[in-house]
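What follows is a short report on a single structure.
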Amino acid sequence: MDPSRPPSPPGLIDVATIGEDVPLLEGIRTTRAIRRLAPDPVPRELIRKVVEAGTFGPSGGNRQPWSFVAVADRERRAWIAERYRRTFEEYIAPARKLADTFSPARRRNMESAIHLAETLADVPVHLFVAGWTRRGQPQHQALYPAIQNVLLACRAVGLGACITSVHLALGREIDEYLGLPESQPSCALIPIGWPLIPYKMPVRRPVDDCLFWDRFQR
């Protein structure tokens, strides 16, 4: 698969083999936040495959505290999207006022986030990641490696995805709608669909700017 071109939704998918040939480091380097997603449906078997990849993330004591709630029903997606958009608008309002001062790259990032908020209802799968608490605290140290695995698996099978936590500003409202108990709160939403933009290597600062040997140096 050419990562410079966005894949079209395939007509017939062999779930067992799709994505299995993507080299690991290539997948890591070309996985980026994709917020422009087609409304075409995604097979449940494919969502199951990327979520299974998530379950291979590490967790302390191999506790595996995660739960995944995949929302595909159109009406339920619309309910979530309306609240997400309203909350996002409050969050992004200060940035909109300063947009003329942003660099082109920062402006593009903002525009893609706005696009996601405006089209979230049409994104075919809203994947919420949750996990039970331990000693009253969320186990993000286990959930975020699982999330990264899901994102990498989406890249491998040709799906677009990103991570957002805007819904957490609503407190328990979304979790209650999903049936999640207080002891198993969500920590992230991963919108998943067929990408409308290509995979490519995102811009990153050089590793030698952030790698230190034996002692941190300013």
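The values are calculated or read from the model by the stated rules, or taken from the named source; none is laboratory data. Only a predicted model underlies this, so the values are computations on that prediction, with no experimental measurement involved. Cβ placement follows ideal geometry from the backbone for every residue including glycine, while neighbour counts extend to all protein chains displayed.
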Count of segment 139-187 residues which are crowded, with 20+ Cβ neighbours inside 10 Å, of a type in the set (Gly, Ala, Ser) and farther than 18 Å from Arg48 by Cβ: 2
I'm trying to understand the selection: among the residues of segment 15-33, which are surrounded by 10 or more Cβ atoms within 10 Å (Cβ to Cβ) and among the hydroxyl-bearing types (Ser, Thr, Tyr)? Thr30, Thr31
Only residues that are closer than 14 Å to Val166 by Cα and touching a residue at least 60 places away in the same chain (Cβ under 8 Å): list them for segment 91-114, please. Tyr91, Ala113
If I filter segment 47-56 for residues that are surrounded by fewer than 18 Cβ atoms within 10 Å (Cβ to Cβ) and farther than 18 Å from Gly158 by Cα, do I get at least one hit? yes
Go over the candidates Ala146, Ala188, Ala156 one by one and state the one that is within 26 Å of Arg86 (Cα to Cα) and of a type in the set (A, V, I, L, M, F, W, C). Ala188
For segment 37-46, which residues satisfy the criterion of being of a type outside the set (A, V, I, L, M, F, W, C) and surrounded by 17 or more Cβ atoms within 10 Å (Cβ to Cβ)? none
Unique match (being at pLDDT 95 or above and out of contact with any strand residue (DSSP E or B) (no Cβ under 9 Å at 6 or more places or on another chain)) among His115, His126, His167: His115
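Would you be able to say whether some residue in segment 150-162 is out of contact with any helix residue (DSSP H, G or I) (no Cβ under 8 Å at 6 or more places or on another chain) and farther than 24 Å from Gly193 by Cα?
From segment 150-162, those out of contact with any helix residue (DSSP H, G or I) (no Cβ under 8 Å at 6 or more places or on another chain) are 151, 158; that's our starting set.
Now restrict to residues that are farther than 24 Å from Gly193 by Cα: none.
No: segment 150-162 contains no residue that is out of contact with any helix residue (DSSP H, G or I) (no Cβ under 8 Å at 6 or more places or on another chain) and farther than 24 Å from Gly193 by Cα.
Before we move on, is Asp175 of a type in the set (Asp, Glu) and more than 16 Å from Ser67 (Cα to Cα)?
Working: of a type in the set (Asp, Glu): yes; more than 16 Å from Ser67 (Cα to Cα): no.
Judged against the criteria, Asp175 is not a match.
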Quick check on segment 6-24. Is at least one of its residues outside any loop (DSSP other than H, G, I, E, B) and either under 20 Å from Thr164 (Cβ atoms) or modelled with pLDDT of 95 or more (or both)? yes
What residue, among those in segment 63-103 that are surrounded by 15 or more Cβ atoms within 10 Å (Cβ to Cβ) and among the β-branched types (Val, Ile, Thr), is modelled with the lowest pLDDT? Ile92
Any residue that is among the aromatic types (Phe, Trp, Tyr), more than 25 Å from Gly27 (Cβ to Cβ) and touching a residue at least 24 places away in the same chain (Cβ under 8 Å) - is there at least one of those in segment 119-131? no
Does Pro198 satisfy being closer than 26 Å to Arg106 by Cα and in contact (Cβ under 8 Å) with a residue 24 or more places away in the chain? yes
